[in-house]
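The values are calculated or read from the model by the stated rules, or taken from the named source; none is laboratory data. In this text the structure is predicted, and so the values were computed from the model without any measurement. Neighbour counts are summed over all protein chains in view; Cβ atoms, including those assigned to glycine, are modelled from backbone coordinates with ideal geometry.
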Amino acid sequence: MNRKVLCLVVILIISLFASSLMVVAAEPLRIMWWGSQVRHDRTLAIIDMFTEQTGIEIEPEFYGFDDYISKLNILIAANDAPDIMQMGGNFPTYIDHIEPINKYIEEGIIDISNTDPSFIAITTLEGSTIGLSSGTNAPAVAYDPALFEAAGVPEPEFNWTWDEFEAAALKVQEELGILGVALTRNDEFWILTTVVPQYDTGESLFLEPYRRELNYDDDKYVSDYLKMVYRLTKAGAYPTPAQMAEIRDIEGNPIVRGEAAMAWVYSNQFVALSQAAGRPLKLVSLPRRTSDGPLSQTIMSSQMFCLAKNSKQKEAAAQFLNFFANSIEANEIL
């Protein structure tokens, strides 16, 4: 073999070796989600399983909800969104930054043959499917029956009203010296999306689905609720902004420590909340304006993983979505 041929062979070997190194050294997928510690632990276990089976490395980040939204907004503003990001009923807000998964469904990378059509419907907007829902939920009120009894307050019923809610919260604070209810600023937003339709005028807080403009005429729909919030806050039965900021996850909710008798939650958070509290809690629907009036409560996607539009590894990310939704072993962990 002459030197020229030998040189070409060496160059070819080095090129092939370098190419293999480039594949191995590819950046890991970045994934972000919010949730309780239980959800964090389970999701991390699934990520490890996925990496073991596919060789695709994933770099996880997880937060409580408020911190998650703050971090996500910063990353999106910097055009640096993670490859995979968790969304819930708030997905229309981020629609311009989400890659539809229709293509990956059509190519068979994401299998929806075992997914109920209703689950696809709640994550599809104007023909674009933006994720696979891993569950549904609805806003609700968790409460501690022992604290209600200690305060001499009757337990709420399915058709309880805002007047009864306010009276219960005030009585708890007066008798026990603790918060009547615990919640965050984000919870207040979702409460108002329920309150406005309870006036039964066909109006809503925002014009759906993008929520970029208000959709009601009479400010009374919102002011009545805010006046109640003012009365409760003044009485010490409702958290101040500083107290709200301290609630970063389910485990940190004041009801867990017995420092509040009620808490705004989503129905799928109730198990984690009860486990964190270590004592019996109960769940009831949101109050309504009148006992015989509309509840105006909706069922929505509790969470789903979506692909970022700016991701450079969309196909690998789509593989993870498929694994998360369809792997029997993964769902046994969940």
When region 193-210 is examined, which residues are found to be surrounded by 17 or more Cβ atoms within 10 Å (Cβ to Cβ) and within 19 Å of the chain's Cα centre (by Cα)? Thr193, Thr194
Is it fair to say Arg288 is touching a residue at least 40 places away in the same chain (Cβ under 8 Å), touching a Gly at 6+ places or on another chain (Cβ under 8 Å) and of a type in the set (D, E, K, R)? no
Given the condition crowded, with 20+ Cβ neighbours inside 10 Å, among the hydroxyl-bearing types (Ser, Thr, Tyr) and either modelled with pLDDT of 95 or more or assigned by TED's automatic domain parsing to the domain that holds Asp163 (or both), answer yes or no: does some residue in region 217-224 qualify? yes
The strands (runs of 3 or more DSSP E) lying wholly within region 239-334 that contain at least 2 residues that are surrounded by 21 or more Cβ atoms within 10 Å (Cβ to Cβ), charged (D, E, K, R) and at pLDDT 90 or above are none
Hey, any hits in region 108-120 for a residue that's in a strand (DSSP E or B) and closer than 17 Å to Leu321 by Cα? no
Among the residues in region 158-170, are any at pLDDT 95 or above, surrounded by 14 or more Cβ atoms within 10 Å (Cβ to Cβ) and over 21 Å from Leu192 (Cα atoms)? no
In this structure, does Leu72 turn out to be in contact with a Phe, Trp or Tyr (Cβ under 9 Å, 6 or more places away or on another chain), crowded, with 20+ Cβ neighbours inside 10 Å and not in a loop (DSSP other than H, G, I, E, B)? yes
